[in-house]
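Read through the structure below, which is laid out as structure tokens, and then see the notes.
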Amino acid sequence: MTPSPKILIVDDEPKLVRLAQELLVATGFTVVAASDGKTAIGMAALEQPDLILLDIMLPGELDGFQVAERIRQFSNVPIIMLTARDQEVDLLQGFDAGADDYVTKPFNAKELLARIRVLLKRMQSTVTADQAEIICGQLHIDLARYRVTVAEQSVSLTKTEFNLLRELALHKNQVMLHSQLLVAVWGPEYRDDIDYLRAYIRYLRRKLEPDPANPRHIVTHTGVGYMLVCPESSA
């Protein structure tokens, strides 16, 4: 029998933790919880959760951004940030720290469950052998091992960043519509979240492009979508 996915909730609000725990357990998940950053990092290592719900505002010396950065040093577990604010600067800081998604508090139960399922499904996806590696000039994408190098230098990507890059790479030299990328990477409920996509494209460029302001790999087709440009001789 397959064990139920384990969710680590990191929040210092007992009421919110209790509500989230009841919702997740009733839906078939196993839940563990931590109320501060230091404890959360230890539990992420020891409990090996399948996903983490991480509040930005935590007591003690570590906030949610710092916790995400520490966890990313040893784990690619999906992280959903819980935030009372939806300002772009906070969201971008969360993505930069290694978060894969965010939910604004107080959260909607259906939305939270949908986002959790999308991330867990993405983690379980497999890559066929004939798509094991894509070479795009100096950009090498090892789909089977979730590894990316640029000019033989390893690049660290979050799971969401990697899956976005993979989708572009599987359709290299083809324009991918905004809606196509959003549905393929995040799911149909994200079809119209173009600002969300732009944020991830911006962070991918910062990690992959020699000059992010003048990208040569991930190019914009204004009002339409994005394309991964590869030399025709690339595999």
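The values are calculated or read from the model by the stated rules, or taken from the named source; none is laboratory data. Given the structure is predicted, the values throughout are model-derived calculations rather than measurements. Virtual Cβ from ideal backbone geometry, glycine too; neighbours counted across all protein chains shown.
Worth pointing out:
- Residue tally, condition of a type in the set (A, V, I, L, M, F, W, C), within 30 Å of Ala20 (Cβ to Cβ) and modelled with pLDDT of 85 or more, over segment 120-166: 4
- Test result for Ala26, assigned by TED's automatic domain parsing to the domain that holds Ser75 and without any contact (Cβ under 8 Å) to a residue 40 or more places away in the chain: yes
- Residue among Glu61, Glu111 that alone is more than 19 Å from the chain's Cα centre (by Cα), of a type in the set (Asp, Glu) and surrounded by fewer than 17 Cβ atoms within 10 Å (Cβ to Cβ): Glu61
- Counting only strands (runs of 3 or more DSSP E) wholly contained in segment 26-117, the ones carrying 3 or more residues that are within 19 Å of Asp193 (Cα to Cα) and either of a type outside the set (Phe, Trp, Tyr) or at pLDDT 90 or above (or both) occupy 79-83, 101-104.
- Of the listed requirements (1) more than 24 Å from Tyr146 (Cβ to Cβ); (2) surrounded by fewer than 21 Cβ atoms within 10 Å (Cβ to Cβ), Glu47 misses just one: (1).
- Close pairs from segment 163-185: first without any contact (Cβ under 8 Å) to a residue 12 or more places away in the chain, partner outside any helix (DSSP H, G or I) and surrounded by fewer than 22 Cβ atoms within 10 Å (Cβ to Cβ), Cβ under 8 Å, at least 6 apart: Val183/Arg191
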